[in-house]
Amino acid sequence: MSLRAEAPPATARIPRFTPAERWVHRTTALLMGLCVVTAAVLYIPEFAQLVGRRELVVRVHEWAGLALPVPVLAGLASRAFRADLRHLNRFGPHDRRWLGAALRRDRSRRSRPAAKFNAGQKIYAAWIAGATLVMLGTGLLMWFTHLTPIMWRTSATFVHDWLALTVGVVLAGHIGMALGDPEARRGMRTGSVSREWAEREHRLWRP
């Protein structure tokens, strides 16, 4: 009989995102990043002086903004992506419980039940989708200046600029949350997560 100790079993991993879902996320993140960075260059004088070539920056900003909905539209061809959209679009009693715990700053896992996505992720997804559509609409009004009255263009500029600032703040919060959860980032990067993490963070999820 061998006296050699057996190696402990590797941590079980379960699939979370398909390649199509990860492609949608990465491409959308890239386009959103281009929009945010070019907006900062256009509106912050120090960045504008550092980069220069304002006309090129404007064109990159415009085309990145126009392309922003494309990854999501292309992702609709994926059954898994459509299923995730249905998950994100449904709020149940457990989501209200999660939100109540978040408002009370109750960080206990039992107080924050979640299925594949928690209530915070659902609210973020809905908000960023709506903000993207508003940004696209107001951006088009600002781009095609000869098609709309000056009152519309002035209002569109006001909404676009202030919403852009809000989007930047919300994205910073989203990135901060991701940096605080290495396993969630690994799930988006590789497509799988540890079973222990899934049972701890998303105990109502049935892969």
inquiry  = For the pair Ser192/Gln49, report the inter-label distance in nm, with labels modelled 7 Å from Cα in the Cβ direction.
reply    = 5.3
message = Loop only by DSSP, 15 or fewer other Cβ within 10 Å of the Cβ. Give me the chymotrypsin sites (Phe, Trp or Tyr not before Pro) in the range 97-163 that pass, ordered by residue number.
response = Phe144
message = Given contacts defined as C-alpha pairs under 8 Å and at least six residues apart, what's the relative contact order of the chain, whole-number percent?
response = 30
ask   = Rounded, prolate or oblate: which one fits the chain, using the alpha carbon gyration tensor with axes a ≥ b ≥ c (rounded when a/c is under 1.5, else prolate when a/b beats b/c, else oblate)?
value = prolate
request  = Report Val36's accessible area, 1.4 Å probe, all protein chains in place, as a number in Å² to the nearest 10.
outcome  = 60
inquiry  = Quick check: pseudo-label points 7 Å beyond the Cα along Cα→Cβ at Val58 and Leu136, how many nm apart are they?
reply    = 2.3
Charged-residue dipole, Cβ positions (Lys, Arg, Asp, Glu), the range 12-201 about Cα centre, Debye nearest 20 = 900
request  = Using Cα pairs closer than 8 Å and at least 6 residues apart in sequence, work out the relative contact order for the range 100-207, in percent.
outcome  = 38
ask   = For the residue pair Ser111 and Leu147, what label-to-label distance in nm results when each label sits 7 Å from Cα along the Cα-to-beta-carbon direction?
value = 5.0
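The values are calculated or read from the model by the stated rules, or taken from the named source; none is laboratory data. From a predicted model like this one, the values you see are computed outputs, not experimental measurements. Every residue, glycine among them, receives a Cβ derived from its backbone with ideal geometry; neighbour counts consider all protein chains shown. These accessible areas exclude ligands, DNA and RNA; they are computed on the full protein's heavy atoms, side chains included. Shrake-Rupley method; radii C 1.70, N 1.55, O 1.52, S 1.80 Å.
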